[in-house]
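Trainee: Can you keep this structure in mind? I'll have questions shortly.
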């Protein structure tokens, strides 16, 4: 690609939606993860490289932010409305927080990978190369 050549835009909304549903941001068909939070090196359906992602701590931070903002007022409401025992609240809310966090974490990570793909961040903007090329970038 030359300096003056325009880069075609990738649809951000569909990439975020596909990532949220843990599908490949490029085609929407292949699975994004090979395990709970491990992103595939390449889409098994369209072979788009996915190893470029750099989600790092972003998904965990956003999960904590969302869960905390949902449960802090809920805990106060439940306590002042019904005044359950501390053990009831601790057990009930602990289980709820863990379940919601485990549900949100892979979805948020998928959306962040989709965002990075759509915005051509961290190597997603390069021309696609086969996995395992001589440059050694696929091994990083």
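Trainee: Pick out the one residue from 55, 42, 48 that is surrounded by 16 or more Cβ atoms within 10 Å (Cβ to Cβ) and closer than 18 Å to residue 107 by Cβ.
Mentor: Details: 42 fails: closer than 18 Å to residue 107 by Cβ; 48 fails: closer than 18 Å to residue 107 by Cβ.
Just a single option satisfies the conditions, and that option is 55.
Trainee: Still on this model: Tell me which of these residue 63 doesn't satisfy, since it passes every other one: (1) buried (at least 16 other Cβ atoms within 10 Å of the Cβ); (2) assigned to a loop (DSSP other than H, G, I, E, B).
Mentor: Exception for residue 63: condition (2).
Trainee: Right, another one. Being more than 16 Å from the chain's Cα centre (by Cα) and surrounded by 15 or more Cβ atoms within 10 Å (Cβ to Cβ) is the filter here, so list the residues in the range 97-115 that pass it. I'd like the intermediate steps shown before the answer.
Mentor: Looking only at the range 97-115, we keep the residues that are more than 16 Å from the chain's Cα centre (by Cα), and these are 97-99.
Answer for the range 97-115, where residues must be more than 16 Å from the chain's Cα centre (by Cα) and surrounded by 15 or more Cβ atoms within 10 Å (Cβ to Cβ): just 97.
Throughout, read-outs are computed from the coordinates displayed, never taken from laboratory work. Quick caveat, the model's predicted, so the values are computed rather than measured. When we count neighbours, we look across all protein chains shown, and the Cβ atoms used for this are built from the backbone with ideal geometry, even at glycine.
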